[in-house]
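Engineer: Before I ask anything, let me first share the structure, which is written out below as structure tokens.
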Amino acid sequence: MKLKAVVTEGAPEPVVSAMSSKRFAMSFLVDVVTEILGPQSAIERPAEFYVQWPDRTVYTESGFGVELRLTGVSRYGRKASQFHKALAKLHDIAKNEIADALATSACGTRIQLYTVIMLDGDIETSPGSGVYSSVLEHEAEWVVAVRTENPITEKTHEI
């Protein structure tokens with residue numbers, strides 16, 4: 001499984017650094033791959049499970065974005081619910097990393113986050129929908145840098 005981020009050129013450098021950090025990679029390998037998808041010792045299998053350095057997209061004045069794409073994912077007897085949980089967890093990990101990275105950015109700086117898992121077979125895209133695909137997508141979400149007097153609420157995630 002390969003996880004790769006694509007980040008808009010000119011995005012705040014802390015965001016780019018977060019998407020290529022050991023902390024982000026370890027969170028993905030432990031919390032998503034090992035804990036949800038189930039392979040044993042994903043950290044000790046660097047040719048099978050890894051996070052690739054982010055690529056860049058062209059800035060088009062519409063803002064900054066981060067797309068996360070998990071590819072090379074085998075169904076291998078896993079339940080659809082595992083992939084839905086993995087997608088949600090991966091999105092949350094990235095959202096938190098981006099929010100932390102934006103903590104030092106100008107108030108209002110925002111990054112659109114879009115997360116995708118590409119499987120080697122179809123699963124139901126959402127439980128009970130009757131729609132099947134080999135691509136699971138998390139709804140795109142804006143992560144916004146917000147400053148307040150209360151450091152606990154300094155970061156918010158908004159659409």
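Engineer: Any residue that is over 15 Å from ARG110 (Cα atoms) and in a strand (DSSP E or B) - is there at least one of those in the range 8-28?
Structural biologist: No, the range 8-28 contains no residue that is over 15 Å from ARG110 (Cα atoms) and in a strand (DSSP E or B).
Engineer: Another question, if that's okay. Would you mind telling me which numbered condition in (1) within 21 Å of ILE111 (Cβ to Cβ); (2) of a type in the set (Asp, Glu); (3) not in a loop (DSSP other than H, G, I, E, B) GLU61 fails?
Structural biologist: For GLU61, the failing item is (3).
Engineer: If I filter the range 32-51 for residues that are part of a loop (DSSP other than H, G, I, E, B), hydrophobic (A, V, I, L, M, F, W, C) and surrounded by 14 or more Cβ atoms within 10 Å (Cβ to Cβ), do I get at least one hit?
Structural biologist: Yes, that holds for at least one residue.
Engineer: Which one of LEU119, LEU87 is under 19 Å from LEU136 (Cα atoms), touching a residue at least 24 places away in the same chain (Cβ under 8 Å) and in contact with a helix residue (DSSP H, G or I) (Cβ under 7 Å, 6 or more places away or on another chain)?
Structural biologist: Residue meeting the stated conditions: LEU119.
Engineer: If you don't mind, another one. List pairs: first residue in the range 45-65 and farther than 13 Å from ALA11 by Cβ, second residue outside any loop (DSSP other than H, G, I, E, B) and at pLDDT below 95 anywhere in the structure, Cβ distance under 6 angstrom, at least six positions apart or on different chains.
Structural biologist: Filtered contacts from the range 45-65: PHE49/ALA42.
The values are calculated or read from the model by the stated rules, or taken from the named source; none is laboratory data. What you see is a predicted model, and the numbers here were worked out from it, not measured in a lab. Note that each Cβ is placed from the backbone with ideal geometry, even for glycine, and that neighbours are counted across all protein chains shown.
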